[in-house]
1. Pairs under 9 Å by beta carbon, first residue in contact (Cβ under 8 Å) with a residue 12 or more places away in the chain in region 65-90, partner of a type in the set (D, E, K, R) and buried (at least 18 other Cβ atoms within 10 Å of the Cβ), six or more apart or different chains?
2. Need pairs with beta-carbon distance below 8 Å; first residue farther than 9 Å from His145 by Cβ and open to solvent by 20 Å² or more (accessible area, probe 1.4 Å) and within region 293-305, second more than 9 Å from ligand 3 (Cβ to nearest atom) and among the charged types (D, E, K, R); sequence gap 6+ or separate chains.
3. Need a quick list: helices (runs of 4 or more DSSP H) entirely within region 132-204 having at least 3 residues that are crowded, with 20+ Cβ neighbours inside 10 Å, away from ligand 3 (no atom under 16 Å from the Cβ) and touching a residue at least 24 places away in the same chain (Cβ under 8 Å).
4. Just to be sure before I move on: is Leu247 surrounded by fewer than 20 Cβ atoms within 10 Å (Cβ to Cβ) and either without any contact (Cβ under 8 Å) to a residue 12 or more places away in the chain or on the phi > 0 side of the Ramachandran plot (or both) in the structure I sent?
5. Is it the case that some residue within region 13-25 is more than 26 Å from Pro230 (Cα to Cα), crowded, with 22+ Cβ neighbours inside 10 Å, modelled with pLDDT of 95 or more and more than 16 Å from ligand 1 (Cβ to nearest atom)?
6. Name the single residue, out of those in region 26-56 being free of Cβ contacts under 8 Å to residues at least 24 places away in the same chain and open to solvent by 80 Å² or more (accessible area, probe 1.4 Å), that is farthest from ligand 3 (Cβ to nearest atom).
7. Out of (1) away from ligand 2 (no atom under 16 Å from the Cβ); (2) among the hydrophobic types (A, V, I, L, M, F, W, C); (3) open to solvent by 10 Å² or more (accessible area, probe 1.4 Å), the odd one out for Leu219 is which?
8. Evaluate the following for Gln116: is it farther than 30 Å from Lys255 by Cα, surrounded by fewer than 18 Cβ atoms within 10 Å (Cβ to Cβ) and within 16 Å of ligand 3 (Cβ to nearest atom)?
Amino acid sequence: MKCRKCGAKAVINMRQHKLALCKEHYLDWILEQTQRFIKKYKMFTPQERILVAVSGGKDSLSLWDILWRLGYQADGLYIGLGIDEGIGYSAESQRLSEQFAAQRGLRLHIVDVDQQYGETIPEMADRTTRGRGKPCAVCGMAKRHIMNRVAREGGYDVLATGHNLDDEAAVLFGNTLNWIPGYLVRQSPVLEANRPGLVRKVKPLCRFYEREMAAYALLRGIEYIYEECPHSVGSKSLYYKEILNRLEEDRPGAKLSFYLRFLQAREEGLFAPQADPQVELLHTCPSCGQPTTAPGECAFCRLVKSAS
Ligand code: Q46
Ligand code: ZN
Ligand code: ZN
């Protein structure tokens, strides 16, 4: 297979785009495409300060690398969850995030949940579910809270996450299977900061396949954590990804068109904004200043206080 631009040996063939590229042209293509998506969805400008949430995985580190190569002002945020199963998941992902930042002279904020709140994520989850439940609900809430807090305190204009097309298509698939209009209306490459205390959130990689990001990280020599979080085993989102991969096998481009046609329908008003549960977020937590659904402290502040 030859590169469509220069005829050299191709390193990747993207069947959905009918496009094969060599290493050099592939790395350029990723930059051009990302820049195009940033503009198209009005994510941010070169004057704005970006906080990239990094997990040590290929997507978030590649995102940070791309924004850095494009010349954006992007700092990183790593959240130490205290998940020690497997190969010592949190310790290793933190080491790789720190190494990445040091190699490029970039600034990385680190929030260690245990140090800051007196408990790791698995400990918080054990306490609230009496040892029965998975830590993912608590983990998701804590990550959202901390990301927003660090972005606000640091005066960042926007928070960027490394969600790729496979992630977005899996979420969309789940929300469609269950017809959850409130989630559908909010799934977007950009979530505007439409409440006081919220920072705008963007997903610049939302149109790249997971394998495209893996190829990018590999070709750029980015060292990342291969293992998924041990708690993701058996999750619905992995199951939906498998189903979508089977569909993609038979119909190259199926995942991309599922997602893009959804975005188009959303833009055309198929999902009414009245269905947006965010509209109800009219209260402000007196402890942390972030929006919450009911008067009084938000769920995260209550969770943290109930430990002491
Ligand atoms: S929520 Fe659950 Fe993830 Fe947290 S505990 Fe691991 S799998 S990291 S995206
Ligand atoms: Zn080429
Ligand atoms: Zn709060």
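The values are calculated or read from the model by the stated rules, or taken from the named source; none is laboratory data. What you are looking at is a predicted structure, and each value in this text was computed from that prediction instead of being measured. Every residue, glycine among them, receives a Cβ derived from its backbone with ideal geometry; neighbour counts consider all protein chains shown. Calculation scope for accessible area: heavy atoms of the full protein, side chains included, ligands and nucleic acids excluded. Shrake-Rupley method; radii C 1.70, N 1.55, O 1.52, S 1.80 Å.
1. Ile79/Lys143; Leu81/Lys143; Gly82/Glu119
2. So the pair list comes out as Thr293/Glu280; Glu297/Lys305.
3. On the way: elements: 136-153, 165-177, 181-186.
Once the helices (runs of 4 or more DSSP H) in region 132-204 are filtered for at least 3 residues that are crowded, with 20+ Cβ neighbours inside 10 Å, away from ligand 3 (no atom under 16 Å from the Cβ) and touching a residue at least 24 places away in the same chain (Cβ under 8 Å), what remains is 165-177.
4. Numbers: surrounded by fewer than 20 Cβ atoms within 10 Å (Cβ to Cβ): yes; either without any contact (Cβ under 8 Å) to a residue 12 or more places away in the chain or on the phi > 0 side of the Ramachandran plot (or both): yes.
Yes; evaluated as a whole, the condition is true for this residue.
5. Taking region 13-25 as the starting set, the residues that turn out to be more than 26 Å from Pro230 (Cα to Cα) are 13-25.
With the extra rule that they be crowded, with 22+ Cβ neighbours inside 10 Å, the set shrinks to 21.
Then drop every residue that is not modelled with pLDDT of 95 or more, which leaves 21.
Next, only the ones that are more than 16 Å from ligand 1 (Cβ to nearest atom) stay: 21.
The answer is yes; a qualifying residue exists.
6. Of region 26-56, the ones free of Cβ contacts under 8 Å to residues at least 24 places away in the same chain are 28-29, 32, 36, 39-40, 45, 47.
Filter again for open to solvent by 80 Å² or more (accessible area, probe 1.4 Å), leaving 32, 36, 39-40, 47.
On the way: Glu32: 41, Arg36: 37, Lys39: 35, Lys40: 34, Gln47: 30 Å.
This residue is Glu32.
7. Here Leu219 clears every test but (1).
8. When the stated conditions are applied, Gln116 passes them.
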